[in-house]
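Here the structure is laid out as structure tokens; the discussion comes afterwards.
The values are calculated or read from the model by the stated rules, or taken from the named source; none is laboratory data. Owing to the predicted nature of the structure, the values given are computational and were not obtained by experimental measurement. As a convention, Cβ positions derive from the backbone with ideal geometry for all residues, glycine included, and neighbour counts pool all protein chains shown.
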């Protein structure tokens, strides 16, 4: 399970250190794609395959399903983890999400997210945890 919040910087070559606690749960590859709220999501290979299989079973006649599948697969990149525990983020993902140097790596159970620090801090200050918890509780009922 991916949990915790870590802050790291992209280096000059767009490499990002993956927290060691996360690397312990990964093989040598992670799948990175554009995600919701303007961040990136990184998946271990088994979770990526499960997610793609699940989303691929959505009806092809549904325009929203097609658009979502296009977005997450078309903007995905298979990233290798180097000997120093870094991944190379492609320039198009950095540009599309507005990342600069400072990043937040956030565990979200089965995958982790990579945020621009500025975007994450703004999102986090606007998010109402109590309201979200109440809505999720309703969904689970």
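Under the condition of being in contact with a strand residue (DSSP E or B) (Cβ under 6 Å, 6 or more places away or on another chain) and not in a loop (DSSP other than H, G, I, E, B), the residues counted in the stretch 47-75 number 2. Going through (1) modelled with pLDDT of 95 or more; (2) loosely packed, with under 10 Cβ neighbours inside 10 Å; (3) more than 27 Å from residue 28 (Cβ to Cβ) one by one, residue 118 falls short only on (2).
I'd like to know if the stretch 7-22 contains one or more residues that are under 27 Å from residue 122 (Cβ atoms), in contact (Cβ under 8 Å) with a residue 60 or more places away in the chain, under 14 Å from the mean Cα position of the chain (by Cα) and loosely packed, with under 12 Cβ neighbours inside 10 Å. No: zero hits.
Could you tell me which residue of the stretch 76-105 is surrounded by the most Cβ atoms within 10 Å (Cβ to Cβ), considering only residues that are in contact with a helix residue (DSSP H, G or I) (Cβ under 7 Å, 6 or more places away or on another chain) and in a strand (DSSP E or B)? Filtering first and then ranking leaves 103.
Once the stretch 121-132 is narrowed to residues that are surrounded by 10 or more Cβ atoms within 10 Å (Cβ to Cβ) and without any contact (Cβ under 8 Å) to a residue 40 or more places away in the chain, the residue that is farthest from the chain's Cα centre (by Cα) is 132. State all residues of the stretch 36-50 that are surrounded by 13 or more Cβ atoms within 10 Å (Cβ to Cβ), touching a helix residue (DSSP H, G or I) at 6+ places or on another chain (Cβ under 8 Å) and either on the phi > 0 side of the Ramachandran plot or without any contact (Cβ under 8 Å) to a residue 60 or more places away in the chain (or both); if no residue qualifies, say none. Answer for the stretch 36-50, where residues must be surrounded by 13 or more Cβ atoms within 10 Å (Cβ to Cβ), touching a helix residue (DSSP H, G or I) at 6+ places or on another chain (Cβ under 8 Å) and either on the phi > 0 side of the Ramachandran plot or without any contact (Cβ under 8 Å) to a residue 60 or more places away in the chain (or both): just 38.
Within the stretch 113-138, the residues that satisfy the criterion of being under 29 Å from residue 76 (Cα atoms) and part of a helix (DSSP H, G or I) are 117, 118, 119, 120, 121, 122, 123, 124, 125, 126, 132, 136.
The set of residues from the stretch 20-46 being assigned to a loop (DSSP other than H, G, I, E, B) and within 16 Å of residue 110 (Cβ to Cβ) comprises 24, 25, 26, 27, 35, 39.
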